[in-house]
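Here's the structure, in structure tokens; my notes come after.
The values are calculated or read from the model by the stated rules, or taken from the named source; none is laboratory data. Here the structure is a predicted model, which is why all the values come from computation and not from measurement. Cβ atoms come from the backbone with ideal geometry, glycine included; neighbour counts cover every protein chain shown.
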Amino acid sequence: MRGEEQCIRMEKVSYAVGGRRILDGFDLDLRRGVNRTILGKSGAGKTTILKLLLGLLKPDAGEIFIDGTAIGGLSESELTRVRKRIAIVFQGGALFDSMTVGENVGYRLFEEGRLPEAEIERIVLEKLGFVGLEQTIDLYPAELSGGMKKRVAIARALAADPDYIFFDEPTTGLDPVGVYNIRHLMLRLQREGKTTLMVTHDMETAFAVSERFSFLHEARLVFEGTEEEMRRSDLPQIREFLQPTDRSLFMGMG
Amino acid sequence: MPFIFVENTVKSFLLEFQAFFALCGKTVVRLFQRPAYYREFTTQLDKMGVGSLFIICLTGLFTGMVMALQALIQLKPFAATSYVGGMVAVTMVKELGPVLSSLMVAGRVGSAITAELGTMVVTEQVDAMRVEGTDIVKRLVATRLKALLIAMPMLAVVTDAVSLLGGFVIAVGYDINLLMYWKSLSQFMVFQDLIEGVVKPFVFGFIIAMIGCYAGLNTSGGAEGVGAAAKRAVVLSSVMVLVCDFFMTKMFIVFR
């Protein structure tokens, strides 16, 4: 039955680093077509959730399912197969310094070695065109601005035609135009059938691109719901997050 | 309380030891697997081998000159200065050539490997590679190991050759001609010495590459972490080169 599920799930996942609890019995349900944002204060463990979902980190307890397959006991090569349906845009872009933009975008296709070089080049140009950066194909990441790096990272994520795309703080450090660009790109991706899971502090972007929200507080999931439910929530952590007051000064919020 | 501290220290040491040898095992297996990442391999070979040539030549030249000077001072009272070539050769080919070139490479290449991989880890490039379906041991570690396994013996041979040249430059000042210098080489050396002079740097290359890669891939904590990892890799690989040199010399003496 589970093999036919179209979702990514976390069930009672716990994770700790050096004795510090990052997640404690955390649940998450990312269904195909339902875009979600994970919210929480800085250092709460939001990026850790993305890395656990991708199998880059192993949970101490609990299980993670990708389209019905439990990834806990999978080897690296089996994980690679499962991960093919997922792509991630890391916070800083994580572009490979030693490669050009074109090589970065076509990286997975070159690795797979299934397509001829001309076909890969066509796909690379198409994906770079999607983010409006065809002219940067021969540049190195060091020659790009922060916003351009994130757009190239999105193009790289798209090259493998994934079903799910994870975004780790996609708008952090960008000017308003950069933020608008990223938001616009995410909405276009969703229209093309991609499901997005985002981790961010940028509430405006979160509400613009997601239907459901998970709120992480002190290693636990304290809220799950829509924007409206979130705005109506009486939980003090949520109220403080949506409208910070003097009470949150130096309390580690944001 | 002190007992728990000792227990934890021993445990973490053994775990690290285990992780290091696991990485070594995985890497050796992947040396023979496809894809071989020729572009990455040749880039590394160029960086590690060709890039180290200048420093290696300087090391060999001055060590050879110093060895010749010291040997000539000792040999002169016995009117045996004609043996200087052999003395320089036997010391350089068996010991100083492999060890000094390896120490230089540990400083130059070992730190570069760790810093490069460490930076890739802290900027999430390694995670990105894994998500893109790359076997990072095959792509990042095996290529570097392969490059250094080839480059290190060659660099040691260059060090030996340049040191012999340096020794000859000094010997000329003591009225020793090329023929005398050349003939004394075969009087002091046997074929096994040449084998020793190539096997040792091969093993040292393995140590430097693996410690560098292990430290790099286990970097944490941003720029400071990268610096700390590079320092650890250089110190550890330098010490391990010296320790292994002793045991390998002992083995070669046993099988002599």
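Just wondering, is there one or more residues in the stretch B:104-116 that are under 22 Å from residue A:166 (Cα atoms) and within 12 Å of another protein chain (Cβ to nearest Cβ)?
no
Can you tell me which residue in the stretch B:199-225 is surrounded by the most Cβ atoms within 10 Å (Cβ to Cβ), limited to those that are in a helix (DSSP H, G or I) and at pLDDT below 95?
Per the stated criteria, the residue is B:225.
Which of the helices (runs of 4 or more DSSP H) contained wholly in the stretch B:38-111 include at least 3 residues that are over 25 Å from residue B:244 (Cβ atoms)?
Because the criterion is at least 3 residues that are over 25 Å from residue B:244 (Cβ atoms), the helices (runs of 4 or more DSSP H) in the stretch B:38-111 that meet it are B:38-48, B:53-75, B:84-91.
Yes/no per residue for (1) within 30 Å of residue B:36 (Cβ to Cβ); (2) within 14 Å of chain A (Cβ to nearest Cβ):
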{"site": "B:132", "(1), (2)": "yes, yes"}
{"site": "B:158", "(1), (2)": "yes, no"}
{"site": "B:169", "(1), (2)": "no, no"}
{"site": "B:180", "(1), (2)": "no, no"}
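Looking only at the stretch B:134-155, filter to residues that are farther than 19 Å from residue B:202 by Cα and more than 10 Å from chain A (Cβ to nearest Cβ); which one of those is surrounded by the fewest Cβ atoms within 10 Å (Cβ to Cβ)?
That would be B:138.
Condition first: within 14 Å of another protein chain (Cβ to nearest Cβ), in a helix (DSSP H, G or I), over 20 Å from residue A:205 (Cα atoms) and touching a Phe, Trp or Tyr at 6+ places or on another chain (Cβ under 7 Å). Can you find one or more residues in the stretch A:75-82 that meet it?
no
Filtering the stretch A:85-96 down to residues that are in a loop (DSSP other than H, G, I, E, B) and more than 7 Å from chain B (Cβ to nearest Cβ), which residue is nearest to residue B:43 (Cα to Cα)?
A:95
Looking at A:23, A:30 in this structure, which one is within 15 Å of the chain's Cα centre (by Cα) and not charged (D, E, K, R)?
A:30
Being touching a strand residue (DSSP E or B) at 6+ places or on another chain (Cβ under 8 Å), surrounded by fewer than 17 Cβ atoms within 10 Å (Cβ to Cβ) and part of a helix (DSSP H, G or I) is the filter here; which residues of the stretch A:208-228 pass it?
Once the filter is applied, which keeps residues that are touching a strand residue (DSSP E or B) at 6+ places or on another chain (Cβ under 8 Å), surrounded by fewer than 17 Cβ atoms within 10 Å (Cβ to Cβ) and part of a helix (DSSP H, G or I), the stretch A:208-228 yields only A:227.
Each row is one residue, and each column tells you yes or no for (1) modelled with pLDDT under 95; (2) of a type in the set (S, T, N, Q).
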position	(1), (2)
B:70	yes, yes
B:76	yes, no
B:79	yes, no
B:85	yes, no
B:88	yes, no
B:94	yes, no
B:101	no, yes
B:123	yes, yes
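Of the residues B:44, B:74, B:70, B:33, which single one is over 30 Å from residue B:175 (Cα atoms) and surrounded by fewer than 16 Cβ atoms within 10 Å (Cβ to Cβ)?
Unique residue meeting the criteria: B:33.
Among (1) at pLDDT below 95; (2) more than 25 Å from residue B:60 (Cα to Cα), there is one condition residue B:183 misses while meeting the rest; what is its number?
Unmet for residue B:183, out of (1) at pLDDT below 95; (2) more than 25 Å from residue B:60 (Cα to Cα): (2).
Criterion first (over 22 Å from the mean Cα position of the chain (by Cα), farther than 27 Å from residue A:215 by Cβ and outside any loop (DSSP other than H, G, I, E, B)) does residue A:142 satisfy it? Steps first, please.
On the way: over 22 Å from the mean Cα position of the chain (by Cα): yes; farther than 27 Å from residue A:215 by Cβ: yes; outside any loop (DSSP other than H, G, I, E, B): yes.
Here the answer is yes, as residue A:142 does meet what is asked.
From A:108, A:114, grab the single residue that is within 14 Å of another protein chain (Cβ to nearest Cβ), touching an Asp or Glu at 6+ places or on another chain (Cβ under 6 Å) and either over 23 Å from residue A:50 (Cβ atoms) or in a helix (DSSP H, G or I) (or both).
Answer to the selection: A:108.
Give the stretch A:44-68 a look and list any residue that's part of a loop (DSSP other than H, G, I, E, B) and touching a residue at least 60 places away in the same chain (Cβ under 8 Å), or say none.
Of everything in the stretch A:44-68, those that are part of a loop (DSSP other than H, G, I, E, B) and touching a residue at least 60 places away in the same chain (Cβ under 8 Å) turn out to be A:44, A:45, A:54, A:67, A:68.
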